[in-house]
1. Which of the residues belonging to region 45-71 are assigned to a helix (DSSP H, G or I) and loosely packed, with under 13 Cβ neighbours inside 10 Å?
2. Quick one: count up the residues across region 64-91 that are over 20 Å from THR22 (Cα atoms) and of a type in the set (S, T, N, Q).
3. Tell me yes or no: at least one residue of region 28-37 is surrounded by 11 or more Cβ atoms within 10 Å (Cβ to Cβ) and either under 16 Å from ASP71 (Cβ atoms) or modelled with pLDDT of 75 or more (or both).
Amino acid sequence: MKEKTIIRWGKYRWPIEGFFKTAKHQFSLHRFGQKTLLGVYRWLILSFLSYMLAYWVYLHNSNFDDLDWYDSAQKALVLLLPHILLLSLLKKLKLRFYRT
């Protein structure tokens, strides 16, 4: 293999490595198994959702100084989790109401 080829491939590799490092450590996705194809798909979907929610909260706060993924992820959790739990409870109540 030529030296230029290795250098070119290396340039593509580092952003990907950065993505996996951030997804695993800043969003605590290192706990999810990736041993099967379905596990890999689930991990990728969770990573994408985590990134999008954290970035949305970062944009919502209008603080464009420095993007800290961990801080954005924690703010997304505090901001969005109560709404998700409330919607889940309302859905369960609605199902029980219609069954009776």
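1. Those that are assigned to a helix (DSSP H, G or I) and loosely packed, with under 13 Cβ neighbours inside 10 Å: ILE45, PHE48, LEU49, MET52, LEU59, HIS60.
2. Residues that pass the stated criteria total 1.
3. Yes - at least one qualifying residue is present in region 28-37.
To keep it simple, each residue is scored yes or no on (1) within 13 Å of the chain's Cα centre (by Cα); (2) at pLDDT 80 or above; (3) of a type in the set (Ser, Thr, Tyr).
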site	(1), (2), (3)
LYS2	no, yes, no
TYR12	no, no, yes
LYS21	yes, no, no
LYS24	yes, no, no
SER50	yes, yes, yes
TRP69	yes, no, no
LEU77	yes, yes, no
LEU81	no, yes, no
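The values are calculated or read from the model by the stated rules, or taken from the named source; none is laboratory data. The model shown is predicted, which means the values in this text are computed figures rather than measured ones. Cβ coordinates were reconstructed from backbone atoms using ideal geometry, including for glycine residues, and neighbour counts include every protein chain displayed.
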